[in-house]
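Enquirer: I have a structure here, written as structure tokens, and I will follow up with some questions on it.
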Amino acid sequence: MAVEQTPAQTGAQSRIHNIGYRSYDGQRLGRAYARRSLYSQSLRGSYGLGRSAKSKVLPMLLFAVMCVPAAIMVAVTVATKAKELPVEYTNYAIVMQAVIGLYVASQAPQAVSRDLRFKTVPLYFSRPIETSDYVRAKFAALASALFLITAVPLVVLYGGAMLAKLDFTDQTKGFLQGLVSVALLSLLFAGIGLVISAATPRRGFGIAAVIAVLTISYGAVSTLQAIADAQTMVDGQSSTAAPWIGLFSPITLIDGVQTAFLGATSSYPGGVGPSTGAGVVFLLAVLGLIAGCYGLLMRRYRKVGL
Amino acid sequence: MDVTVIATESLSKRFPRVTALDRLSMDIGPGVTGLVGANGAGKSTLIKILLGLSPATEGRATVLGLDVATEGGAIRERVGYMPEHDCLPPDVSATEFVVHMARMSGLPPAAARERTADTLRHVGLYEERYRPIGGYSTGMKQRVKLAQALVHDPQLVFLDEPTNGLDPVGRDEMLGLIRRIHTDFGISVLVTSHLLGELERTCDHVVVVDGGKLLRSSSTTDFTQSTAILAIEVTDTDEHPDGTAAMRDALHARGVETHDGSGLPGAGHILLLTAQGEDTYDLVRDTVAGLGLGLVRMEQRRHHISEVFTDSDEQQRAAQQSTAQHSAGKEAVGHGG
């Protein structure tokens, strides 16, 4: 009745407060767009963007830790007018492997365990995307995040080398080889990190397991390599076993591949990496591992479903 | 729009040990449809199949005219889904989360933000939508879950136990919201529940499944208004110490069959009779007046869905549970007729 007494006034008010439901007739961009959205959200998430301030601390800190040594090396090179950089482009990631390992351990569980723990995965699969889209988006996002954290220091080194007016051809070749190497490393580490993290909804377990797998395998391999190397020194023969042992840890695999194909100096004890022939086996092992990780993730998520 | 929103044809789903759905055939039209069944009756399995996420063992089903076996992606673009369980990450705000989910449904960024603001307002989330979800109450979380199912303006939403864990007030608000999804938003709804009373108030149509089989599918008006049964209660007077008995005899004398509402509250004081038409009302009025009794009430009794199930032996147990719920006062108050 009040409405009838003051129609104008109440009418105006109700218009302000109740716009009513508006249906959506605009574009629906479909599956590929949804996959890209998930990719960009996950990539941003890997650096804590779009998440709480607390979750930005560790990835940003690790990113800084990766870049600072490169900046210092550049400063030294420019200041001392050295003829070459203190470290090869391909070797930078090997030297900094602990930091990369920490980054994978902290961000891989963030990328997948959260969705499992809070059961957000079914919501994704109730949308146009398929299992493969989810796995690819997450895989690509973590690999891209890793590529950023490993390639940016190389860019810093390359920029420094240009400033110091080092040989352009030489530096560019080394820089590109370095980029290929860290791209392989990013894919491999992302795969291993995601497979381990996707096995458990508990983030803590994921972090511990990734660190354990990376450090224990590297520790075991480098110890065995050192022993094998010492043996061959005693025998006075060239080392044959040591390079092959490198097949059994992610970082030594990458080292093997880049020694064989990307003109890197081996970081193996004794400095002898696999020959080009053996390098093929290393490369196949890396590619096989990446494909295997993808396969395992697909299998895992086909079960998660709704 | 198609007359049929969901259609299944001898749809079966068998797991190694369990048959979740057993040759289920049904047609569901636009509007709010309730899917009732005890836990493990196959409700969630049915939703999974309808979303195209789990292949049926045999039979076929279409949603919005699209085949679930081959056009799952197209279905999921037009359909919203609100799961039964928690599905919200605690460390992001409702706005961020719903925007992300809108983009996952294919909405461009600007549209996703606009629709998120609209949808959150419609489900009743205002300033709190900028705070992390971790600090929300159960009722607010349910609203966010509902918002993410509606944000892409689907033609149909599946709501799996949306009132789970809510207090009576929250339950009523959620049911009102579900009703509005159809009446105001024009979106068809399939809502599951194991509580019949809720669906009776909210749905246009109720489908009952048990053990993966279709037990009954009909509109709530069929359930509750197919027979106009009158309930009559009269006073006792000095002349007729048992007014109810006198009334019954008088009605019998005039050829009207009655039966007492045994099992209902106030049994013994209530006479039930089937109204043949307008005449029956006049007849009752005249009979009461002739006997000099006071007419306490004469009302058209609506059946409750639970009473309909009492007829079915298989549902005896479920019906007993829900009759107990309803009879606590509801019948006594009744619906004016």
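Enquirer: In region B:116-147, what residues are in a helix (DSSP H, G or I), under 22 Å from B:ASP167 (Cβ atoms) and either in contact (Cβ under 8 Å) with a residue 60 or more places away in the chain or hydroxyl-bearing (Ser, Thr, Tyr) (or both)?
Expert: B:HIS122, B:THR138, B:LYS145, B:LEU146
Enquirer: Here's a follow-up. Does region B:125-142 hold any residues that are within 13 Å of chain A (Cβ to nearest Cβ) and under 21 Å from B:ARG179 (Cα atoms), and which are they?
Expert: Passing the criteria: B:TYR126, B:LYS141.
Enquirer: Checking the condition free of Cβ contacts under 8 Å to residues at least 60 places away in the same chain, farther than 30 Å from B:GLY73 by Cβ and not in a helix (DSSP H, G or I), which residue from B:LEU175, B:LEU215, B:LEU166 passes? Lay out the reasoning, then the answer.
Expert: Values: B:LEU175 fails: not in a helix (DSSP H, G or I); B:LEU215 fails: free of Cβ contacts under 8 Å to residues at least 60 places away in the same chain.
Matching residue, one of B:LEU175, B:LEU215, B:LEU166: B:LEU166.
Enquirer: Just one of the numbered conditions (1) touching a residue at least 12 places away in the same chain (Cβ under 8 Å); (2) at negative phi; (3) in contact with a Gly (Cβ under 6 Å, 6 or more places away or on another chain) is not true of A:GLY30; which one?
Expert: With (1) touching a residue at least 12 places away in the same chain (Cβ under 8 Å); (2) at negative phi; (3) in contact with a Gly (Cβ under 6 Å, 6 or more places away or on another chain) applied to A:GLY30, the lone miss is (2).
Enquirer: Which of the following residues is away from chain B (no Cβ under 14 Å) and touching a Leu at 6+ places or on another chain (Cβ under 7 Å): A:ALA111, A:ALA143, A:ALA82, A:ALA164?
Expert: The match here is A:ALA143.
Enquirer: Quick one: would you say A:ALA161 is out of contact with any Phe, Trp or Tyr (no Cβ under 7 Å at 6 or more places or on another chain), within 19 Å of A:ILE100 (Cα to Cα) and assigned to a helix (DSSP H, G or I)?
Expert: no
Enquirer: Could you list all residues from region A:25-40 that are facing another protein chain (nearest Cβ under 8 Å), of a type in the set (Ser, Thr, Tyr) and over 14 Å from B:MET101 (Cβ atoms)?
Expert: Within region A:25-40, none qualify.
Enquirer: Across region B:90-106, what is the number of residues that are in contact with a strand residue (DSSP E or B) (Cβ under 7 Å, 6 or more places away or on another chain), within 9 Å of chain A (Cβ to nearest Cβ) and of a type outside the set (Val, Ile, Thr)? Steps first, please.
Expert: Within region B:90-106, the first condition is being in contact with a strand residue (DSSP E or B) (Cβ under 7 Å, 6 or more places away or on another chain), and the residues that meet it are B:90-93.
Still in the list and also within 9 Å of chain A (Cβ to nearest Cβ): B:90-92.
If we keep only those that are of a type outside the set (Val, Ile, Thr) as well, we get B:90-91.
The total comes to 2.
Enquirer: Next question. Which numbered condition trips up A:LEU43, out of (1) away from chain B (no Cβ under 14 Å); (2) at pLDDT 95 or above?
Expert: For A:LEU43, the exception is condition (1).
Enquirer: Is it true that some residue in region B:240-262 is exposed (fewer than 14 other Cβ atoms within 10 Å of the Cβ), at pLDDT below 80 and within 30 Å of B:ASP204 (Cβ to Cβ)?
Expert: no
Enquirer: May I pose another question? Which numbered condition in (1) more than 21 Å from the chain's Cα centre (by Cα); (2) in a helix (DSSP H, G or I) is the only one that A:PRO274 fails?
Expert: Against the list (1) more than 21 Å from the chain's Cα centre (by Cα); (2) in a helix (DSSP H, G or I), A:PRO274 comes up short only on (2).
Enquirer: Could you pull out every one of the helices (runs of 4 or more DSSP H) wholly within region A:82-151 that has 2 or more residues that are in contact with a helix residue (DSSP H, G or I) (Cβ under 9 Å, 6 or more places away or on another chain) and among the charged types (D, E, K, R)?
Expert: A:97-117
The values are calculated or read from the model by the stated rules, or taken from the named source; none is laboratory data. A quick note: this is a predicted structure, and the numbers were derived from the prediction, not measured. Positions of Cβ are backbone-derived with ideal geometry, glycine not excepted, and every protein chain shown enters the neighbour counts.
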